[in-house]
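Student: Have a look at the structure that comes next, please.
The values are calculated or read from the model by the stated rules, or taken from the named source; none is laboratory data. If you're wondering where the values come from, they're calculated on a predicted model, not measured in any experiment. Note that we place each Cβ from the backbone using ideal geometry, even for glycine, and neighbour counts take in every protein chain shown.
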């Protein structure tokens, strides 16, 4: 009695759907990268007589000319900044926050933000532009 070998089933991969998936992933990452940019905020940094290079920030906080607070590119309130920074403190006890304040704002405008960051226990570095 002769033993017959079974035919191997042919495997067909639908490659046309792979192109669709790749295209959707490209679109997703392009949109996601645009949402993470902080370039939407217009900010003129104050001039400083001497500046030194600092360590890279864990996060950044901006205060624009209208007094709006931006945390990592998202507009937030003072309380939201404090709670977000306290969450960072639970993960990393020594973290740095770079703070940029529009040059036309007064002490009355930016002191609530400074106090909110101080409450979280973060190391705060003020950023500026070198004087010409």
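Student: Of everything in the stretch 1-18 that's surrounded by fewer than 10 Cβ atoms within 10 Å (Cβ to Cβ) and assigned to a helix (DSSP H, G or I), which residue is modelled with the highest pLDDT?
Tutor: 17
Student: While we're looking at this one, here's another question. Kindly provide the set of residues from the stretch 64-87 that are without any contact (Cβ under 8 Å) to a residue 40 or more places away in the chain, in contact with a strand residue (DSSP E or B) (Cβ under 9 Å, 6 or more places away or on another chain) and either part of a loop (DSSP other than H, G, I, E, B) or within 18 Å of residue 127 (Cβ to Cβ) (or both), ordered by number.
Tutor: Within the stretch 64-87, 64, 68, 70, 71, 72, 73, 77, 81, 85 meet the criteria.
Student: Here's something else I'd like to know. Hey, does the stretch 112-119 have a residue that's surrounded by 17 or more Cβ atoms within 10 Å (Cβ to Cβ), under 17 Å from the mean Cα position of the chain (by Cα) and not in a strand (DSSP E or B)?
Tutor: Yes.
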